[in-house]
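The values are calculated or read from the model by the stated rules, or taken from the named source; none is laboratory data. Every value quoted in this text rests on a predicted model; they were computed, and no experiment measured them. Because the Cβ atoms are built from the backbone with ideal geometry, glycine has one as well, and the counts that use them run over all protein chains shown.
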Amino acid sequence: MTARVAIFGDLLDFTAEPAWGETLSSAVRWRPAHWLLVEGGRIVAVQADAPDASWERHDHAGRLVLPGFIDTHVHSPQLDVIASYGTELLDWLNTYTFPAERRYADPAQAEAGAALFLDALLAHGTTSAVVFPTVHKVSADALFAAAAQRGMRLIAGKVLMDRHAPDGLRDDVVQAERDCRELIERWHGHERLAYAVTVRFAPTSSPEQLAMAGRLCAQDPTLYMQTHVAENRAEVQWVRELFPEARSYLDVYARAGLLHPRSVLAHGIWLDDADRAALRDSGAQIAHSPSSNLFLGSGLFGWRAAEAAGVAVSLATDVGGGTSLSMLRTLADAYKVQAMAGERLTAWKALHAATRGAARSLGLGDEIGSLEPGRHADVAVWDWAVGPVAGRRMAVAQALHEQVFAWLTLGDERNLAAAYVAGRPAYRRS
Ligand SMILES: [Zn+2]
């Protein structure tokens, strides 16, 4: 296969952060009927003229070409419990999630599960993710190995949990630290992989384990940190009882040294102004997971308040709390969550958060998230419409925002025609 690939289609990406409410935005870069030239896995040029015959041409005329989506919070072992009935967060963990995660102690299950998960991400147009495997070291090894095999940009780490979890899902501080250090040594900075110190959430780590996690972050500022915060009111109350010395749930992490520019905290629904200021001052970001928040009845995230306070917000599926690996469905749900708060999320704002915005808040803006020379060619190619209803809607759409918003609201993974990772075909609809 030639290393020179030219992808043709209607190119859409962003050069800046779109403002709230602007359906006409100078941050949008729209280049219909253009060629994306890829050499050695990276974008080298974007042009209207067809390249010469030395380029392998992939003609996606009439299709939308976007940067691959970045899902900033998702659980690889939870495909087995997606769409489980009838619980809120704490029940849901005990009833469905913990039993499923226990299976990942088995290396064969960890390996098969990682492959299924990553191929599913790619088949939903998601080329990068920040991922929780399980407490088992083997689950992280398997996930990293599978991502390396696919050439993906992936951030993950062994889950830390040394209390309030069933047998078979607890580690201890000493062994967990040893496992983390071995995994960091093996995978952090290897190809396109990075390690995240992964605290499940405050209730399942002892203060000693949180301190250990903070030490790991302090010793190597290139490490990421991922966890959950203030998702559900019963959870917030439990954290208040477990950590009476902390000012708030978020403050538990702040006191342990876990808030820094590479921290990704899922949810952040039940935060106050002091929490938002702490997030802003530390540079930590919120992974907003609207489908999960609706499905588990957790609450409505205040995106505008977070942004007004200077907090970076990216978007995430949170599967299996969420109901789909589709970032399109996630964006459509984000719109509904904001509508409940009287806000209107534009297609630009939503798409930016799932591409360039996420890349920048992860410190990866030079690698992914836009269709710019020098970036890795992580690209998704979408059909504008699947089926007669969407087809009709597209036929009557006038302005670009109208068209893209309808696509985003009506579309899902069935719209995905192809995905590329570093210019290599990673998914093609059969
Ligand atoms: Zn989660």
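Which numbered condition trips up Lys349, out of (1) surrounded by 24 or more Cβ atoms within 10 Å (Cβ to Cβ); (2) touching a strand residue (DSSP E or B) at 6+ places or on another chain (Cβ under 9 Å); (3) closer than 23 Å to Ser25 by Cβ?
Here Lys349 meets the rest and fails (2).
Being touching a helix residue (DSSP H, G or I) at 6+ places or on another chain (Cβ under 6 Å), away from the ligand (no atom under 16 Å from the Cβ) and assigned to a helix (DSSP H, G or I) narrows it down to one residue among Ala350, Ala274; which is it?
Working: Ala274 fails: touching a helix residue (DSSP H, G or I) at 6+ places or on another chain (Cβ under 6 Å).
The unique qualifying residue is Ala350.
Of the residues Val44, Val74, Val81, which single one is in contact (Cβ under 8 Å) with a residue 60 or more places away in the chain and not assigned by TED's automatic domain parsing to the domain that holds Arg153?
On the way: Val74 fails: not assigned by TED's automatic domain parsing to the domain that holds Arg153; Val81 fails: not assigned by TED's automatic domain parsing to the domain that holds Arg153.
The conditions single out Val44.
Tally up the residues in segment 364-382 that are surrounded by fewer than 24 Cβ atoms within 10 Å (Cβ to Cβ) and in contact with a Phe, Trp or Tyr (Cβ under 9 Å, 6 or more places away or on another chain), please.
1
Does Tyr85 satisfy the criteria of being surrounded by fewer than 24 Cβ atoms within 10 Å (Cβ to Cβ), within 16 Å of the ligand (Cβ to nearest atom) and over 24 Å from Ala353 (Cα atoms)? So that I can check it myself, show each step before the final result.
Values: surrounded by fewer than 24 Cβ atoms within 10 Å (Cβ to Cβ): yes; within 16 Å of the ligand (Cβ to nearest atom): no; over 24 Å from Ala353 (Cα atoms): yes.
It is false that Tyr85 is surrounded by fewer than 24 Cβ atoms within 10 Å (Cβ to Cβ), within 16 Å of the ligand (Cβ to nearest atom) and over 24 Å from Ala353 (Cα atoms).
Take the residues in segment 68-82 that are away from the ligand (no atom under 13 Å from the Cβ) and not in a strand (DSSP E or B); name whichever of them is nearest to the chain's Cα centre (by Cα). Working first, answer last.
Within segment 68-82, the first condition is being away from the ligand (no atom under 13 Å from the Cβ), and the residues that meet it are 68-70, 79-80.
Pick out the ones that are also not in a strand (DSSP E or B) and you get 68, 79-80.
On the way: Gly68: 11, Leu79: 15, Asp80: 19 Å.
That would be Gly68.
When you look at Leu258, is it assigned to a loop (DSSP other than H, G, I, E, B), crowded, with 24+ Cβ neighbours inside 10 Å and in contact with a strand residue (DSSP E or B) (Cβ under 9 Å, 6 or more places away or on another chain), yes or no? First the steps, then the outcome.
Details: assigned to a loop (DSSP other than H, G, I, E, B): yes; crowded, with 24+ Cβ neighbours inside 10 Å: yes; in contact with a strand residue (DSSP E or B) (Cβ under 9 Å, 6 or more places away or on another chain): yes.
Considered against the rule, which asks whether it is assigned to a loop (DSSP other than H, G, I, E, B), crowded, with 24+ Cβ neighbours inside 10 Å and in contact with a strand residue (DSSP E or B) (Cβ under 9 Å, 6 or more places away or on another chain), Leu258 comes out as yes.
Looking at the structure I just gave you, is Leu79 surrounded by 18 or more Cβ atoms within 10 Å (Cβ to Cβ) and within 25 Å of Leu315 (Cα to Cα)?
Working: surrounded by 18 or more Cβ atoms within 10 Å (Cβ to Cβ): no; within 25 Å of Leu315 (Cα to Cα): yes.
No; evaluated as a whole, the condition is false for this residue.
Looking for something modelled with pLDDT of 95 or more, touching a Pro at 6+ places or on another chain (Cβ under 8 Å), within 21 Å of Asp10 (Cα to Cα) and surrounded by 24 or more Cβ atoms within 10 Å (Cβ to Cβ) - is there at least one such residue anywhere in segment 416-427?
The first filter runs over segment 416-427 and keeps only residues modelled with pLDDT of 95 or more, leaving 416-427.
With the extra rule that they be touching a Pro at 6+ places or on another chain (Cβ under 8 Å), the set shrinks to 418-419.
Imposing the further condition that a residue be within 21 Å of Asp10 (Cα to Cα) reduces the set to 418-419.
Next, only the ones that are surrounded by 24 or more Cβ atoms within 10 Å (Cβ to Cβ) stay: 419.
Yes, because at least one residue in segment 416-427 is modelled with pLDDT of 95 or more, touching a Pro at 6+ places or on another chain (Cβ under 8 Å), within 21 Å of Asp10 (Cα to Cα) and surrounded by 24 or more Cβ atoms within 10 Å (Cβ to Cβ).
Out of the residues in segment 299-333 that are within 14 Å of the chain's Cα centre (by Cα) and assigned to a helix (DSSP H, G or I), which is farthest from the ligand (Cβ to nearest atom)?
Leu328
Mind telling me which of the residues Pro51, Pro18 ends up being farther than 29 Å from Phe405 by Cα, at pLDDT 95 or above and in a loop (DSSP other than H, G, I, E, B)?
Going through Pro51, Pro18 in turn, just one is farther than 29 Å from Phe405 by Cα, at pLDDT 95 or above and in a loop (DSSP other than H, G, I, E, B): Pro51.
Going residue by residue through segment 284-296, is there one that turns out to be surrounded by fewer than 16 Cβ atoms within 10 Å (Cβ to Cβ) and either at positive phi or touching a residue at least 24 places away in the same chain (Cβ under 8 Å) (or both)? Give the derivation first.
Filtering segment 284-296 down to residues surrounded by fewer than 16 Cβ atoms within 10 Å (Cβ to Cβ) leaves none.
Looking for residues that are surrounded by fewer than 16 Cβ atoms within 10 Å (Cβ to Cβ) and either at positive phi or touching a residue at least 24 places away in the same chain (Cβ under 8 Å) (or both), one finds none in segment 284-296, hence no.
Hey, can you tell me all the residues within segment 277-298 that are in a helix (DSSP H, G or I), under 20 Å from Ala218 (Cβ atoms) and of a type in the set (A, V, I, L, M)? Lay out the reasoning, then the answer.
Within segment 277-298, the first condition is being in a helix (DSSP H, G or I), and the residues that meet it are 277-282, 290-295.
Restricting the remaining residues to those that are under 20 Å from Ala218 (Cβ atoms) gives 278-279, 281-282.
If the condition is that a residue be in a helix (DSSP H, G or I), under 20 Å from Ala218 (Cβ atoms) and of a type in the set (A, V, I, L, M), then Ala278, Leu279 are the ones that fit.
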